[in-house]
1. How much net charge surrounds D235 when only other residues with a Cβ under 14 Å from its Cβ are counted (Lys, Arg +1; Asp, Glu -1)?
2. Rounded to the nearest 500 deg cm²/dmol, what is the calculated helix-only ellipticity per residue at 222 nm for the chain, with -39500 (n - 2.57) per DSSP H run of length n ≥ 4?
3. Once you have the Cα-Cα distance between T177 and R98, take 0.36 nm times their residue separation minus that, and quote the gain in nm to one decimal.
4. Specify the inter-centroid distance of the stretch 46-110 and the stretch 200-264, based on alpha-carbon positions, in whole Å.
5. Considering the options Q244, A263, A110, tell which one lies farthest towards the positive end of the dipole of the chain, charges being +1 on Lys and Arg and -1 on Asp and Glu at the Cβ, about the Cα centre.
6. Select one label from (i) 18.9; (ii) 20.3; (iii) 19.4: the one whose number is Kirkwood radius over Cα pairs in Å as derived from the coordinates shown.
7. At 0.36 nm per residue, minus the direct Cα-Cα distance, what do V240 and D9 gain on full extension? Give it in nm, one decimal, please.
8. Counting only other residues whose beta carbon sits under 13 Å from that of Q61, what net charge do I get with K and R as +1, D and E as -1?
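All of the numbers you see were taken from the coordinates with simple rules; none came from a lab. All values derive from a computational prediction rather than experimental measurement. Cβ coordinates were reconstructed from backbone atoms using ideal geometry, including for glycine residues, and neighbour counts include every protein chain displayed.
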Amino acid sequence: MRRSEVDLDAAIGYVVAHGDEVDRARLAYLRTGARPDPAVLEIVESGQVKDAGWPGREGEQVPSVDATCFRFAELDDLGALGRPAARQAMDWLAVTQRPDGTWEEDPALADSAPPWARPGDPEARLYLTANAAFWLSAGGLEARSGGPLDTRVGGAYAGVVANAARALADSLAEDGTWPSYLVTGWLGAAVLFGQGRYGESVRMRLVLRRRLDDIPPSGLAWAAAALRRLGVPADDPFIVAARQRLAETQRSDGSWPSEDGDAFVVHTTLTAIRACR
């Protein structure tokens, strides 16, 4: 018999048993709001490029939009988006936005960037735009920038996010589809909802609902967590369906598989906990 609800106790137990020091600190913050040990924050914030974000590989000195956004996800689970490291990275993202409202990886990363973030690829450009705008939305109210950014409405990055939302909305076809990966859909729908562009956000969420079977468990966890993070109601049909599918695909040990391999199973399980708590 398939589960009707996610077994959060089993998921928590999996992270406790299989996670590292950072994973367990993320779990503690998600469960109780417990502030992490400074040593944990130093681990997550390490490797940052001066006055910018984080590189995709250890030791590189060219910051990556994609890698920086992944680091934000860890920092958010530690309640650390308002710390100086995250603020510096957000400022860097904000001032590297392209004139058309999009983001793209530095051309120097052409040979090392993963396929989904390759410089010059229009699908990658739209994905990075949705991802960067999502984290500037999430962190903008906490961050206080000293850079040339719009601080009038909606936090430090209001104007930057508005430009990105316009680019995302302009990319939509009449049927609500977008010329990029599925992940771009849930990040973009969250950004548009946060900007009050509810009609466009609904159109994207309807597409995601129709394509539910195409989204793996790790994606469903990310999608539900991202949409909830920017205020989409818990009773939204896509979120309800995503949570139901997460209940059905949870493994007997409490975890969920990751499309990125076994090294990311704990991260996926933490994301599912965030999505279903």
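1. Working: positive: R205, R209, R228, R243; negative: D236.
That sum, taken over residues with Cβ under 14 Å, equals +3.
2. On the way: 12 runs with 151 residues, N = 277.
Taking each H run of at least 4 residues, the total per residue is -17000 deg cm²/dmol.
3. On the way: separation 79, 0.36 × 79 = 28.44 nm, distance 2.30 nm.
26.1 nm is the gain from fully extending T177 to R98.
4. 25
5. Result: Q244.
6. Answer label, from the structure shown: (i).
7. Numbers: separation 231, 0.36 × 231 = 83.16 nm, distance 1.97 nm.
Additional length available on full extension: 81.2 nm.
8. Working: positive: K50, R57; negative: D51, E58, E60, D106.
Within the 13 Å Cβ shell, the charges total -2.
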